[in-house]
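One structure is given here, and the rest of the page talks about it.
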Amino acid sequence: MLIGEWKSGKSSLIRALSREDYASRKVLAVDFFRNFVNTPSEFLENRRFYPALITAAADCDVLAFVQDATRRSCQIPPAFASMFNRRVIGVITKIDLPEADVRRARRFLENAGVREMFCVSVTRGEGMEALRAAVEGA
Ligand SMILES: Nc1nc2c(ncn2[C@@H]2O[C@H](COP(=O)(O)OP(=O)(O)O)[C@@H](O)[C@H]2O)c(=O)[nH]1
Ligand SMILES: [Mg+2]
């Protein structure tokens, strides 16, 4: 299950990992596709949606917090990982872009309580094999 802010790369990750033509629907709902669960960015922006995230995560093996490496801010609240009784990984996206700052993204995710992290470029494929291997065996 993927959680992350708007345009952080959630849908792109699902497309790359599933190797299928996933297109997220523009509805404010948890979206089930194959063995992926995509969540609306709005669920992260408003804490009244947190129960919906927690409920959806209950059936998932791995929870991925997706952080865009080019973003100067992070919407994931401190220690958010501890709200889920699940394995939580961090996925830092867009590391191919010149304005990417992986150290900053790593700090954001650490602050959210994430310990296991993957740095990827979905467009170039960098880091995707390691990520795939880590979630496939889950
Ligand atoms: N350069 C680059 N662009 C990316 C990467 N991942 C996603 N994008 C782009 O970022 C935009 C938002 O991605 P999307 O998957 O729709 O984000 P979502 O809103 O979290 O589902 C799209 O234009 C993607 O092509 C990446 O690793 N590198
Ligand atoms: Mg999307």
(request) Let me know the shape class of segment 8-80, please: from the alpha-carbon gyration tensor, a ≥ b ≥ c as square roots of the eigenvalues, rounded when a/c is under 1.5, otherwise prolate if a/b is greater than b/c, or oblate. (result) oblate
(request) Would you work out what percent of the accessible area of the chain, with all protein chains in place, is carbon or sulfur (probe 1.4 Å)? (result) 48 percent
(message) Over the chain, with a Gaussian network built from C-alpha contacts below 10 Å, which listed residue (THR39, THR55, THR123) shows the highest mean-square fluctuation?
(response) THR55
(request) Collect residues whose amide H, placed 1.01 Å from N in the peptide plane, falls under 5 Å from the amide H of ARG87; neighbours closer than 5 in sequence don't count. (result) LEU63
(request) Would you please classify the overall shape of segment 88-138 from the alpha carbon gyration tensor, given that a ≥ b ≥ c denote the square roots of the eigenvalues, rounded means a/c under 1.5, and beyond that prolate means a/b larger than b/c while oblate covers the rest? (result) oblate
(message) Can you give me the C-alpha center-to-center distance between segment 1-33 and segment 108-123, rounded to a whole angstrom?
(response) 17 Å
(message) Tell me the relative contact order for segment 2-136 as a rounded percent, counting alpha carbon contacts under 8 Å between residues six or more apart.
(response) 22 percent
(message) Could you order the peptides 20-28, 43-51, 66-74 from most to least packed, using the average number of other C-beta atoms within 10 Å per residue?
(response) 66-74, 43-51, 20-28
(message) Against the 2.2 N^0.38 Å scaling, with N counting residues, where does segment 2-136 land? I'd like the Cα-based Rg ratio to two decimal places.
(response) 0.95
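The values are calculated or read from the model by the stated rules, or taken from the named source; none is laboratory data. Please read these numbers as outputs of a predicted model, since none were measured by experiment. We place every Cβ from the backbone using ideal geometry, glycine too, and count neighbours over all the protein chains shown. These area figures cover heavy atoms from the full protein model, side chains too; ligands, DNA and RNA do not enter into them. Shrake-Rupley method; radii C 1.70, N 1.55, O 1.52, S 1.80 Å.
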